[in-house]
Amino acid sequence: MEIGPNPIPFLTQEDFSHFYNLFQDMDSNLNFNPNNNNNNNNKKRHRNNGDDEGGGGGRKKKGNSSDGSSSSDVKEILSSILLLDEEEKQEQHERFVESEQHRDIINSSYHQQVRAMNDYMAQFQAHHDQLDELGNMRAKRARRSALTYAVAAVAGSDDISFNHGLAEPMPTESSIDSTELKTDTLVQLQHQQPRRLWVKDRSKDWWDRCNHPDFPEEEFRQCFRMSKATFNMICDELDSAVTKKNTMLRDAIPVRQRVAVCIWRLATGDPLRLVSKRFGLGISTCHKLVLEVCSAIRTVLMPKFLNWPDEQKMNRIKEEFEGISGIPNVGGAMYTTHVPIIAPKISVAAYFNKRHTERNQKTSYSITVQGVVDAKGVFSDVCIGWPGSMPDEQVLENSVLFKRAQRGTLKDVWIIGNSGHPLMDWVLVPYTHRNMTWTQHAFNEKVGDVQNIAKEAFARLKGRWSCLQKRTEVKLQDLPVVLGACCVLHNICEMRNEGMDPEWKYELFDDEIVAENGVRSANALQARDTIAHFLLHHGRAGTSFV
């Protein structure tokens, strides 16, 4: 119970009588003893007899003595209460004084620290100013001495005449003309003298050998995952976007070396320190070159080598897919893969890949790459950069391909997806329920043949560009540019029939999860049944499922 700061008010006569009755009951209860009932009864009878003999006066006297004793007890209680109240006030006052003293000590310490810090900053600034002034004085002295030595070296000592008794030469008409000549000559020498290039001396022997025309074709292909002809074509296409001019401080890096640094980094996935040793460049320079060339590939080469097919090309793609699977109007095969990344600093949970973590027994983070390929495995559409925790259907809903379909561009075109994609008017997916019929099994087999084309294209993409197989040193915001450049280079190699060596082979490990809302359109459901019936009853479906 909290005690207030105000003292207890004075008690009235009624309060005294109440306290008296209360203490009388307490005394009667305390004096009660069941073992002495007989003695108490005798005492009571004795008191009664005394009261009878003494009359009313005796009882009155007894009452007066009781009133006196109870009044003294009440006074003692009140004095004790007042004493406790005073002690409580005294303790509160002492605590308040202690807290004030403690606060004063803290404030004084804080002010002392502030003054000491201000003094330190003032001394530091003064010392810094002195150093600047000293550096300027040294620079002036060095320039003055260099100028004096240069003038003396150009003109010789015969043109300077000293007067006896003076520390400086006396100017004459001939000396004035000579001084002007010395100044002009010094300015010409300064302009003719070349500046020193601020470039660290690094070995470029390996790149010089690779860039030599006599370098073996097969070894070049092993280094850059492409032939010399394809590499030269890429350099010619990127020449205007990548070329830099020479400066007075250093010579610009040639275009072929810039492109080589980027392609070597994407092909091998080696860390930047190894790339720096290979090409004789700084680590930060190599990192900058990779981002610049990847950005140039996205700007210059992507519109030429990675775009959605026009009507004529789409008809040719439909014929090729129909020849492979027997399904009409197939315009592409869609697949979604994951690229590992370093744990980001923002939205870590969104990039957490639960399936890869459970499989590898190691915490994994990734971003998704969704792509649509034609019958030859060339990308016609890519969607890069969505977090790895998103399922395939959500990645599809956030892609440009989905918006293109909503605008009606994909009319009369089927995009073959896997079980992780929903069945829509333009997306055709396999059956996922149990106890399927022969017709449905045959349809799933043909859909699987088309899906394998997309899966093999992604396997070649990751196999050719090893930087996609492991976590890279590229920041998360720059990673979509790098991945887009890999897709463009993949298309260039596929279009130019660049083969894949067996040691480049890579196995994909992307788990497929059935979409939550597997059917988005009743018309698409009926169309899928019609296609499945057509494949089975017209001899277009295989029987390997039997």
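The values are calculated or read from the model by the stated rules, or taken from the named source; none is laboratory data. Nothing here was measured: the structure is a model prediction, and the numbers come from that model. We place every Cβ from the backbone using ideal geometry, glycine too, and count neighbours over all the protein chains shown. Side chains are part of the model used for accessible areas, which takes the heavy atoms of the whole protein and leaves out ligands, DNA and RNA. Shrake-Rupley method; radii C 1.70, N 1.55, O 1.52, S 1.80 Å.
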Hits in the stretch 216-233 - residues which are over 13 Å from R256 (Cβ atoms) and out of contact with any helix residue (DSSP H, G or I) (no Cβ under 7 Å at 6 or more places or on another chain): P216, E218, E219, R221, Q222, A229
Candidates T357, T363, filtered to the one that is hydroxyl-bearing (S, T, Y), touching a helix residue (DSSP H, G or I) at 6+ places or on another chain (Cβ under 7 Å) and either open to solvent by 20 Å² or more (accessible area, probe 1.4 Å) or within 19 Å of L461 (Cα to Cα) (or both): T363
Qualifying residue in the stretch 359-367 (condition: under 23 Å from the mean Cα position of the chain (by Cα), among the charged types (D, E, K, R), more than 18 Å from L479 (Cα to Cα) and not in a helix (DSSP H, G or I)): yes
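With aliphatic (A, V, I, L, M) and either in contact with a Lys or Arg (Cβ under 8 Å, 6 or more places away or on another chain) or not in a helix (DSSP H, G or I) (or both) as the only criterion, which of A454, A459 stands out?
On the way: A454 fails: either in contact with a Lys or Arg (Cβ under 8 Å, 6 or more places away or on another chain) or not in a helix (DSSP H, G or I) (or both).
Result: A459 is the single residue among A454, A459 that is aliphatic (A, V, I, L, M) and either in contact with a Lys or Arg (Cβ under 8 Å, 6 or more places away or on another chain) or not in a helix (DSSP H, G or I) (or both).
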Segments classed as helices (runs of 4 or more DSSP H), wholly inside the stretch 242-336, with at least 3 members that are surrounded by 15 or more Cβ atoms within 10 Å (Cβ to Cβ): 255-268, 272-279, 283-296, 311-325
D236 being part of a loop (DSSP other than H, G, I, E, B), surrounded by fewer than 16 Cβ atoms within 10 Å (Cβ to Cβ), at pLDDT 90 or above and of a type in the set (D, E, K, R): no
Criterion: within 26 Å of the chain's Cα centre (by Cα) and without any contact (Cβ under 8 Å) to a residue 60 or more places away in the chain - qualifying residue of P387, P391: P387
Neighbours by Cβ (under 6 Å, 6+ apart or cross-chain): first from the stretch 485-499, over 13 Å from F458 (Cα atoms); second part of a helix (DSSP H, G or I) and open to solvent by less than 10 Å² (accessible area, probe 1.4 Å): A485/C294; A485/I297; R496/T230
Residue that is most open to solvent (accessible area, probe 1.4 Å), among those in the stretch 366-396 that are closer than 21 Å to P344 by Cα and hydrophobic (A, V, I, L, M, F, W, C): W386
Residue match in the stretch 519-540 (condition: under 23 Å from S366 (Cβ atoms) and either touching a residue at least 24 places away in the same chain (Cβ under 8 Å) or surrounded by 18 or more Cβ atoms within 10 Å (Cβ to Cβ) (or both)): no
Any chance V413 is buried (at least 23 other Cβ atoms within 10 Å of the Cβ) and either closer than 18 Å to D392 by Cα or touching a residue at least 40 places away in the same chain (Cβ under 8 Å) (or both): no
Which listed residue is open to solvent by less than 70 Å² (accessible area, probe 1.4 Å), in a helix (DSSP H, G or I), closer than 27 Å to I384 by Cα and touching a helix residue (DSSP H, G or I) at 6+ places or on another chain (Cβ under 7 Å), from G448, G484: G484
Hey, R460 over 26 Å from F352 (Cβ atoms), surrounded by fewer than 21 Cβ atoms within 10 Å (Cβ to Cβ) and within 36 Å of the chain's Cα centre (by Cα) or not: yes
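Each row is one residue, and each column tells you yes or no for (1) surrounded by fewer than 21 Cβ atoms within 10 Å (Cβ to Cβ); (2) in contact with a helix residue (DSSP H, G or I) (Cβ under 8 Å, 6 or more places away or on another chain); (3) over 28 Å from H533 (Cα atoms).
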| site | (1), (2), (3) |
| --- | --- |
| N398 | yes, no, yes |
| V427 | no, yes, no |
| W438 | yes, yes, no |
| H441 | yes, no, no |
| Q477 | yes, no, yes |
Residues within the stretch 490-538 that are under 34 Å from the mean Cα position of the chain (by Cα) and assigned to a loop (DSSP other than H, G, I, E, B), tallied: 14
